[in-house]
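Student: My structure is below; once you've seen it, I'll send some questions.
The values are calculated or read from the model by the stated rules, or taken from the named source; none is laboratory data. No experiment lies behind these values; they were computed from the predicted model shown. Counting neighbours? That spans all protein chains shown, and the Cβs are built from the backbone with ideal geometry, glycine included.
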Amino acid sequence: MKALADYVHSKGLKLGIYSSPGATTCARFEGSLGHEEQDAQTYAEWGIDYLKYDLCSYRTVMQQQAPDNMAAQNKLMREAYEKMHQAMVKTGRPMVYSLCQYGWDSVWEWGPQVGANLWRTTGDISANFDRMSLIGRSQAGLSKYAAPGHWNDPDMLEVGNGRLTTDENRTHMTLWAMLAAPLIAGNNLTQMTPDVAAILMNKEAIAIDQDALGKQGDRIYAEGPVEIWAKPLKNGAKALAIFNFGETASEMRAMGLHLNEAGLPAHGTARDVWAGKDMGRIGDDTKFMVPRHGVVLLVVR
């Protein structure tokens, strides 16, 4: 494992590992119950950079120790996550700590208190547009819980998986970037098409996600299948995403951009991220064609 970690690091990547506070993982491999310090130290010696800690079989422990008492079960869950956090700190090696317990007990409210750098907010994602968009849109209202060092996690990216179209892949990447979500590629990196690589490695989209201000975006407008999300950026700029979750192309006029709700003046200069071009000045007479399941992503100043 140490050799594997060294190899992964030589490629400019980081290595994550998966465990559970229970006796077994969801796939019934060994968990960390009763061996938290031993496992954390082993991970550190191997050179692991990231631990995803999935509740899995620990739910059985919670139910056995506190039957029919949800508050007591939630307390046990928090204590289990804190126990591994302390074990990781004791190793002295910085490791990203990812909680996976599907958003139970409003984890965004207490995740930072148990050392989490990110926490899953929902059930598992899958490589279809309906599931992806449902998970992404359900993050509305959680922006106040995200900040540098700890983030809401709507699950890994499915860009390049399943039968997602190019427009759907861009919508996926855009929504996650607007959410300041962890960008974890869930596809096979050795089998990427040029289109998929261009989406996952678009530096401007990544810059929106990774903006130094550390603010998660939020929905500012919704009417039918059209939603507009805004994300504050450093130096006063705003990322603005116009989504068409419907089945037909929708024309959006600039008056429908709700620039005021985004904290922007009635006019500004914009850059179209996916087109890779400066648009110049935008205002009430600017029109946008948003394809089915597509998105327009702007940086507006």
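Student: Using the structure shown, decide if Leu240 is over 25 Å from Asp49 (Cα atoms), over 14 Å from the mean Cα position of the chain (by Cα) and touching a residue at least 24 places away in the same chain (Cβ under 8 Å).
Tutor: On the way: over 25 Å from Asp49 (Cα atoms): yes; over 14 Å from the mean Cα position of the chain (by Cα): yes; touching a residue at least 24 places away in the same chain (Cβ under 8 Å): yes.
When the stated conditions are applied, Leu240 passes them.
Condition check ((1) under 16 Å from Ser19 (Cβ atoms); (2) without any contact (Cβ under 8 Å) to a residue 12 or more places away in the chain) across all residues:
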{"site": "Thr42", "(1), (2)": "yes, yes"}
{"site": "Leu51", "(1), (2)": "yes, no"}
{"site": "Tyr58", "(1), (2)": "yes, no"}
{"site": "Met62", "(1), (2)": "no, no"}
{"site": "Ile125", "(1), (2)": "no, no"}
{"site": "Asp130", "(1), (2)": "no, yes"}
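Student: Show the residue pairs meeting these rules: Cβ distance below 6 Å; 6+ apart or different chains; first residue within region 188-205 and assigned by TED's automatic domain parsing to the domain that holds Val273; second residue part of a helix (DSSP H, G or I).
Tutor: As it stands, the answer is none, since no pair meets every condition given.
Student: Here's a follow-up. Glu168 fails exactly one of the following numbered conditions: (1) in contact (Cβ under 8 Å) with a residue 60 or more places away in the chain; (2) not assigned by TED's automatic domain parsing to the domain that holds Lys52. What is the number of that condition?
Tutor: Condition (2) is where Glu168 drops out.
Student: If you don't mind, there's one more thing I want to ask. From the list Asn187, Asn260, Asn235, pick out the single residue that is polar (S, T, N, Q) and assigned to a helix (DSSP H, G or I).
Tutor: Numbers: Asn187 fails: assigned to a helix (DSSP H, G or I); Asn260 fails: assigned to a helix (DSSP H, G or I).
From the options Asn187, Asn260, Asn235, the qualifying one is Asn235.
Condition check ((1) assigned to a loop (DSSP other than H, G, I, E, B); (2) in contact with a Gly (Cβ under 9 Å, 6 or more places away or on another chain); (3) closer than 28 Å to Leu264 by Cβ) across all residues:
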position	(1), (2), (3)
Asn169	no, yes, yes
Ala177	no, yes, yes
Ala180	yes, yes, yes
Ala197	no, yes, no
Glu204	no, yes, yes
Asp211	yes, no, yes
Gln216	yes, no, yes
Arg219	no, yes, yes
Ile228	no, yes, yes
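Student: Output the number of residues of region 123-148 satisfying the condition of being over 26 Å from Leu233 (Cα atoms) and outside any helix (DSSP H, G or I). Walk me through how you get there before you give the answer.
Tutor: Our first condition is that a residue be over 26 Å from Leu233 (Cα atoms); within region 123-148, this holds for 123-131.
Those still in the list that are outside any helix (DSSP H, G or I) too: 123-128.
Total satisfying the criteria: 6.
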